[in-house]
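**Q** Right, I'll just put the structure down here and ask away after.
The values are calculated or read from the model by the stated rules, or taken from the named source; none is laboratory data. This structure is a prediction, so every number in the text was calculated from the model and none was measured. Cβ sites come from the backbone with ideal geometry, for glycine too, and all protein chains shown count toward neighbours.
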Amino acid sequence: MALKQQINRFEAFDRLAREHSQCLSGHVGGDLGILGLGKMVPEFDDVVFNAEMGEAHASMSTQFGYH
């Protein structure tokens with residue numbers, strides 16, 4: 001099954017992050033800690049602080065890769 005489909009089905013995100021993430025947060029299951037507005041790149045903030053809670057959103061690209 002494609003990774004995006006697994007994420008959209010809310011399968012164990014921490015496991016998926018450990019297995020597939022290339023981000024530094026991957027080794028801790030994708031946990032970014034407590035985020036505050038302006039702590040991340042603008043593209044990331046736009047989605048995180050304007051999205052519905054508990055809803056999977058389309059991937060986005062930043063200077064750090066795809067999220």
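**Q** How many residues, within the range 51-67, are among the aromatic types (Phe, Trp, Tyr) and within 11 Å of the chain's Cα centre (by Cα)? Spell out how you get there, then give the answer.
**A** Initially, the range 51-67 is screened for residues among the aromatic types (Phe, Trp, Tyr), giving 64, 66.
Now narrow it down to the ones that are within 11 Å of the chain's Cα centre (by Cα): 66.
So the count comes out to 1.
**Q** Can I ask one more? Could you list, in sequence order, the residues of the range 24-65 that are aliphatic (A, V, I, L, M) and part of a loop (DSSP other than H, G, I, E, B)? Write out each step before concluding.
**A** If we filter the range 24-65 for residues that are aliphatic (A, V, I, L, M), which is where we start, we get 24, 28, 32, 34-35, 37, 40-41, 47-48, 51, 53, 56, 58, 60.
Correct list: Leu32, Ile34, Leu35, Leu37, Met40, Val41, Ala51, Met53, Ala56, Ala58, Met60.
**Q** Can you tell me how many residues within the range 20-50 are surrounded by 11 or more Cβ atoms within 10 Å (Cβ to Cβ) and not hydrophobic (A, V, I, L, M, F, W, C)?
**A** As a first pass, look at the range 20-50 and keep what is surrounded by 11 or more Cβ atoms within 10 Å (Cβ to Cβ): 20-21, 23, 25-32, 35, 39-41, 43-49.
With the extra rule that they be not hydrophobic (A, V, I, L, M, F, W, C), the set shrinks to 20-21, 25-27, 29-31, 39, 43, 45-46.
Total meeting the criteria: 12.
**Q** Please count how many residues of the range 11-23 are closer than 15 Å to His67 by Cα and either assigned to a loop (DSSP other than H, G, I, E, B) or touching a Leu at 6+ places or on another chain (Cβ under 8 Å) (or both). Walk me through it before giving the result.
**A** Taking the range 11-23 first, the residues closer than 15 Å to His67 by Cα are 13-14, 16-23.
Now restrict to residues that are either assigned to a loop (DSSP other than H, G, I, E, B) or touching a Leu at 6+ places or on another chain (Cβ under 8 Å) (or both): 16, 20-23.
The total comes to 5.
**Q** What are the pairs, 6+ residues apart or on separate chains, where a residue within the range 1-18 that is small (Gly, Ala, Ser) has its Cβ under 7 Å from a residue that is modelled with pLDDT under 85?
**A** Taking only residues 6 or more apart or on different chains, the pairs are Ala17/Gly30.
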